[in-house]
Amino acid sequence: MSNRSSAERILEVVAAFERGSIGASAIAESIEIHEPALESVSRVLRDELHRLSVQVIGEDVSPQEESLLGIKSSKVALVKLKSLLQAIE
């Protein structure tokens, strides 16, 4: 599987999270599954993907959580994670 394919699979999970279909922990799980298949990607970038996935769990909330709990999602970690994934070729 190419790096682009691996990144796209993770981005599909991110999109499902944004739609509220799944929880934030699914993003971390997807990275756990697909990150080892990335070729020629630095350890720094790999570690950043994992760090941001954990940050998404801690800081960002799903649309349902936002409406039910009245918590506003910052989406900062999510935006950074998406940007890194989109940059992977």
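The values are calculated or read from the model by the stated rules, or taken from the named source; none is laboratory data. Only a predicted model underlies this, so the values are computations on that prediction, with no experimental measurement involved. Please note: Cβ atoms are built from the backbone with ideal geometry, for glycine as well, and neighbour counts cover all protein chains shown. Accessible surface is based on the protein model in full, side chains and every heavy atom, while ligands, DNA and RNA are left aside. Shrake-Rupley method; radii C 1.70, N 1.55, O 1.52, S 1.80 Å.
Among the residues of the range 36-52, what is the count of those that are open to solvent by less than 20 Å² (accessible area, probe 1.4 Å) and over 16 Å from A77 (Cβ atoms)? Final tally of qualifying residues: 1.
Considering only residues in the range 1-23 that are small (G, A, S) and modelled with pLDDT under 90, the one that is surrounded by the most Cβ atoms within 10 Å (Cβ to Cβ) turns out to be G23. For the range 20-35, the set of residues classified as in a loop (DSSP other than H, G, I, E, B) and either out of contact with any helix residue (DSSP H, G or I) (no Cβ under 6 Å at 6 or more places or on another chain) or over 18 Å from L78 (Cα atoms) (or both) consists of S21, G23, listed by residue number. For E29, the stated conditions hold: it is open to solvent by 50 Å² or more (accessible area, probe 1.4 Å), out of contact with any Asp or Glu (no Cβ under 7 Å at 6 or more places or on another chain) and among the acidic types (D, E). Could you give me the residue pairs with C-beta distances under 9 Å whose first residue belongs to the range 15-40 and is in contact (Cβ under 8 Å) with a residue 40 or more places away in the chain and within 19 Å of M1 (Cα to Cα), whose second residue is basic (K, R) and assigned to a helix (DSSP H, G or I) wherever it lies, and which are 6+ apart or on separate chains? Taking only residues 6 or more apart or on different chains, the pairs are L38/R46. For the range 72-88, which positions are open to solvent by 70 Å² or more (accessible area, probe 1.4 Å) and in contact with a helix residue (DSSP H, G or I) (Cβ under 6 Å, 6 or more places away or on another chain)? If the condition is that a residue be open to solvent by 70 Å² or more (accessible area, probe 1.4 Å) and in contact with a helix residue (DSSP H, G or I) (Cβ under 6 Å, 6 or more places away or on another chain), then K80 is the only one that fits.
Restricting attention to the range 55-82, the residues being more than 14 Å from F17 (Cβ to Cβ), in a helix (DSSP H, G or I) and of a type in the set (A, V, I, L, M) number 3.
Within the range 11-66, the residues that satisfy the criterion of being of a type in the set (D, E) and under 13 Å from the mean Cα position of the chain (by Cα) are E12, E18, E29, E32, E35, D47, E48, E59, D60.
Here R51 meets each of (1) assigned to a helix (DSSP H, G or I); (2) of a type in the set (K, R); (3) touching an Asp or Glu at 6+ places or on another chain (Cβ under 7 Å) with one exception, condition (3).
Taking the range 36-47 as the range and being under 18 Å from S83 (Cβ atoms) and either assigned to a helix (DSSP H, G or I) or among the charged types (D, E, K, R) (or both) as the test, the residues that pass are V44, L45, R46, D47.
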